[in-house]
């Protein structure tokens, strides 16, 4: 498969109902908040984790779709795989002297690991296979409106320790956001895709992952999360035909008229519009969801 | 000396990590010449040219925000792996990404805007086909149309940088009044000297009414 030949940008809208999309370790696992605006935040790495998990599920045993940054995996074993496949003696902390060999290693990692091809990876561990910068770049997602996290106290009809036996129950806390619609931006560089051989199939898989990643990430903490809209901008030219910020600005998410000052509780409280008129020549819009 | 270019860049967040605070990252107050060079290279670069940042205009007040994330922690000694390989079992190597986590805080910048003034010089790898006009045209055309090799970023890749060319006859966007006066930003990374074993070089950054004059790389302190 040859690499993709177009630059892309995408806008992903996803929402959460009565859940915590991304806890903040600094704030006792409260949903992340932008302290200046009170908008909710979801970090780029949180979304990337979900993409990796989705790909791992869909392509469970397929060659070429292994996931390098697995939960429950050992990074250096993966590097070992590369060395063993190519029969190179591991050298501590630097690339093998022979540059062709080093490139071969990196290429092997890209061939076999979907997330290395997509997001890149720093493989400067003691068993070294170099560094890869992937074509897909994601930014933080933030909510359209300020969100108000709620603390919900819950009880459990059991105790952990025997000494607490007479207490009969324990209390716990959950932090939820009643409703939040989040917007994430992403970029796909055709030129970096050439270097990691990120193909059209891989791109399709990325779109599928973005659409379906929340469907396989259900848990007590998350509440109901779903991808609501995925708008892809495709440039004719590999370097692009328009500034990314201009394309993002053409996607407007507004509250339904007359409801602006009430709290939103459902996706139908928002109206998403794409100003197709304003799009520059050479850019096409593809709605994947 | 070739003609210079001027690029306006802005973004929601940025992190230009101070080398002395890399574990719990703390950003410099402003963009470093090294990060600015990286942004220019994301738009156009060839081995024949080298970007030199001349001046940095800081347009917006300097504000920080803290952010904590889960990151992977460390590395595993290869000896452990070779042992496991000899034994032919990996399950002895109890070292999992989700158990091997570090929560790192980062102190990052919020809502930044800069204008980078720069020029390029030719490297020994340039040949007769590399004329100043050619590279200048390519850069200006790409920056004007929003074309880029990959999306430039403000320090780290999760903070993308929007960019627009400041045309030669156009005025630079106004600097926020909070930045007027002189401010000493202390020693700041100028760039990494890749020719000499990747040694960092520093310069004394002084901001005068939002403008930082960047000395040539040769004059920076190793």
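The values are calculated or read from the model by the stated rules, or taken from the named source; none is laboratory data. All of these numbers come straight from a predicted model, not from anything done at the bench. Note: ideal-geometry Cβ built from the backbone for every residue, glycine included; neighbour counts use all protein chains shown.
Points to keep in mind about this one:
- Residues of segment B:145-155 that turn out to be touching a strand residue (DSSP E or B) at 6+ places or on another chain (Cβ under 8 Å) and assigned to a loop (DSSP other than H, G, I, E, B), as a count: 7
- Filter result for the condition that a residue is at pLDDT below 80, at negative phi and crowded, with 24+ Cβ neighbours inside 10 Å, over A:122, A:127, A:159: A:127
- The residues listed here are B:67, B:40, B:59; of these, the one that is buried (at least 17 other Cβ atoms within 10 Å of the Cβ), within 14 Å of chain A (Cβ to nearest Cβ) and at negative phi is B:67.
- From the options A:226, A:197, A:189, residue that is more than 14 Å from chain B (Cβ to nearest Cβ), at pLDDT 90 or above and farther than 21 Å from residue A:46 by Cβ: A:197
- Against the conditions (1) buried (at least 17 other Cβ atoms within 10 Å of the Cβ); (2) within 14 Å of another protein chain (Cβ to nearest Cβ); (3) in a loop (DSSP other than H, G, I, E, B), residue B:30 satisfies every one except (2).
- Of residues in segment A:33-45 being farther than 16 Å from residue A:178 by Cβ and surrounded by 19 or more Cβ atoms within 10 Å (Cβ to Cβ), the one farthest from the other protein chains (Cβ to nearest Cβ): A:42
- Qualifying position, being without any contact (Cβ under 8 Å) to a residue 60 or more places away in the chain and either assigned to a helix (DSSP H, G or I) or surrounded by 19 or more Cβ atoms within 10 Å (Cβ to Cβ) (or both), among B:133, B:186: B:133
- Among the criteria (1) buried (at least 23 other Cβ atoms within 10 Å of the Cβ); (2) within 10 Å of another protein chain (Cβ to nearest Cβ); (3) touching a strand residue (DSSP E or B) at 6+ places or on another chain (Cβ under 8 Å), the one residue A:240 does not fulfil is (3).
- For segment A:249-262, residues that are closer than 18 Å to residue A:12 by Cβ and either away from chain B (no Cβ under 14 Å) or surrounded by fewer than 19 Cβ atoms within 10 Å (Cβ to Cβ) (or both) total 5.
- Selection status of residue B:194, more than 14 Å from chain A (Cβ to nearest Cβ), on the phi < 0 side of the Ramachandran plot and out of contact with any strand residue (DSSP E or B) (no Cβ under 6 Å at 6 or more places or on another chain): yes
- Only strands (runs of 3 or more DSSP E) whose full extent lies in segment A:163-278 are considered here, and the ones with at least 2 residues that are under 30 Å from residue A:106 (Cα atoms) are A:170-188, A:224-235.
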